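Please treat every number below as a calculation from the coordinates, not as lab data. Computed from a predicted structure; not experimentally measured. Ideal geometry is used to build each Cβ from the backbone, glycine not excepted, and the neighbour counts take in all protein chains shown.
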């Protein structure tokens, strides 16, 4: 195989690795959400184990990236796709951490089953899973329209989060004891993890747009920043 | 940013063959401009047009303008010798004269009429210092230049070019005959010189263009396909052809 062909093959393999890592994180989130729904401590613990695999995958991919940079000295689109991978795997690893955070919340909730679990949490979980899935599809096919569509969905996640936040604040205000307030906080933590998951999915979409177009474009604009 | 050289609607022919077509290139003052492209794309021809080195080739013909500080270097009243003093050149293979190190550097100033020993001594020292060679040769200025290693010979040629106080230095693949260490020394030297001179370099080494230059122009079949900041050319070029060439898909 000629050198250029081999390099193209290596770049395609790298893309495959990232897509597999994306699936791992998607699965991790799914398991965390089921554990939250069913308050299943076993499932929550399995999520924590899954997260270690995600972390290891990130290091394996990063090593491949360094290998390609040092041996191929890439430029232009080749360079952008490798740098994009190096950024995406960091974000994916953090998204895995967010799913693990939800699993830890589940382990707390098992201790105090009367903690509120607003219905919006489930909706948030479905929404951010869809965002991740679409981002990875956009990455697989260099589809920048789809990447833009992902970023737009983050507003819905933020709105759901605001809803959950309001409900939990009300619950905290009516909670009689510090122990109950602390327990209620766990539900807020789960919502916060999902909200961050959505932000990172948007980051991934930005990376895909950069890879394809060579232009940086901030899409995750915080409405509160605009208000000042 | 000021343009030292402004190339506008420039065409160049070898007889019936059009080697350069409709070039428009700004060469910024005190910056390094790299010209890249496959063999035969016209980049060296273009470099030689910048100090009219192609004039002696029979059938060679230029159209359009190349302005040096606003003056057309192809105007009929231009003195080519003065032009080449203002725009010096360093070639692919180090080509010191078979003379001493000192006489190599003093050659240009002597031609320009400088014969005072103290002034020549000073020019030789300053030029060798500027070319980062002084410390290596100060005790053997009378030694033959051809006894130096290739990297030192190339820096001597740069010192020789500097000695006539040019404004622009053209370099035609100045490192292609040098090892990586000597190459880096010449690149470091270019970065030092660019504080005082405008440099245009033709190179086949993509990494060299990326490392050493501020601006990069990509030539293809006698045309300028793209000209931009070096970082832009090597990270996000606008033209497909540039992309294909620098990533090794075409060339």
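Throw me the Rg/Rh for segment B:200-248, computed over C-alpha atoms with Kirkwood Rh, two decimals.
Rounded to two decimals, Rg over Rh is 0.90.
Which residues does the label zone of residue A:133 cover in segment A:2-19, counting backbone N under 18 Å from a point 7 Å along Cα→Cβ?
A:19
Report the FRET efficiency, 1/(1 + (r/R0)^6), for residue B:211 and residue A:177, where r is their Cβ-Cβ distance and R0 is 45 Å, rounded to 0.05.
0.10
Go ahead and collect, in residue order, the members of segment B:175-204 whose backbone nitrogen is under 17 Å from a label point 7 Å along the Cα-Cβ direction of residue B:57.
B:202-203
Antiparallel as a % of all DSSP beta bridges within chain B, to the nearest 5?
Beta bridges within chain B, antiparallel portion: roughly 60 percent.
In terms of the Cα gyration tensor, with a ≥ b ≥ c the square roots of its eigenvalues, is segment A:3-217 rounded because a/c is under 1.5, prolate because a/b exceeds b/c, or oblate?
Cα axes put segment A:3-217 in the prolate bin.
Work out the FRET efficiency for residue A:38 and residue A:215 from their Cβ-Cβ distance, taking R0 = 60 Å, and round it to the nearest 0.05.
0.85
Quick check on segment A:47-102: what does the Kirkwood estimate of hydrodynamic radius come out to from the alpha carbon pairs, in Å?
Its Kirkwood hydrodynamic radius stands at 12.0 Å.
With springs only between Cα atoms under 10 Å apart, run a GNM on chain B and tell me which of B:190, B:53, B:171 wobbles the most.
Sorting by GNM fluctuation, first place goes to B:53.
Can you work out the FRET efficiency for the pair residue A:5 and residue B:91, with r the C-beta to C-beta distance and R0 = 35 Å, to the nearest 0.05?
0.45
Full extension from residue B:17 to residue B:204: what is 0.36 nm times the residue separation minus their Cα-Cα distance, to one decimal in nm?
Fully extending the segment from residue B:17 to residue B:204 adds 65.0 nm.
Run the quick spin-label model on residue B:39 and residue A:142: label points 7 Å from Cα toward the beta carbon, then report their separation in nm to one decimal.
With each label placed 7 Å out from Cα toward Cβ, I get 3.1 nm.
Pairing the Cα long axis of helix B:101-111 with the longest principal axis of chain B, what angle in degrees results, from 0 to 90 and rounded to the nearest 10?
The angle comes out at about 70 degrees.
In degrees, nearest 10, range 0 to 90: what is the angle between the Cα axis of helix A:178-213 and the longest Cα principal axis of chain A?
Roughly 20 degrees between the two axes.
How large is the convex hull of the C-alpha atoms of the protein assembly as shown per residue, in Å³?
Cα-based convex hull of the protein assembly as shown, divided per residue, equals 209 Å³.
Label-point separation (nm) for residue B:117 and residue B:1, each offset 7 Å from Cα along Cα-to-Cβ?
Those two pseudo-labels are separated by 4.7 nm.
Kindly provide the helix-only [θ] at 222 nm of chain A, computed as the sum of -39,500 (n - 2.57) over DSSP H runs of four or more divided by all residues, to the nearest 500 deg cm²/dmol?
-31500 deg cm²/dmol
Once every DSSP H run of n ≥ 4 in chain B is given -39500 (n - 2.57) and the sum is divided by its residues, what mean residue ellipticity at 222 nm do you get, rounded to the nearest 500 deg cm²/dmol?
Computed mean residue ellipticity for chain B: -10000 deg cm²/dmol.
Would you work out if segment B:65-206 is rounded, prolate or oblate? Take a ≥ b ≥ c from the square roots of the eigenvalues of the alpha-carbon gyration tensor; rounded if a/c is under 1.5, else prolate when a/b is larger than b/c, oblate otherwise.
Cα axes put segment B:65-206 in the oblate bin.
Helix B:117-130 versus the longest principal axis of chain B: what angle, 0 to 90°, nearest 10, using Cα atoms?
50 degrees
As a test, work out the antiparallel percent of DSSP beta bridges whose residues both lie in the protein assembly as shown, rounded to the nearest 5.
Restricted to the protein assembly as shown, the bridges split so that about 60 percent are antiparallel.
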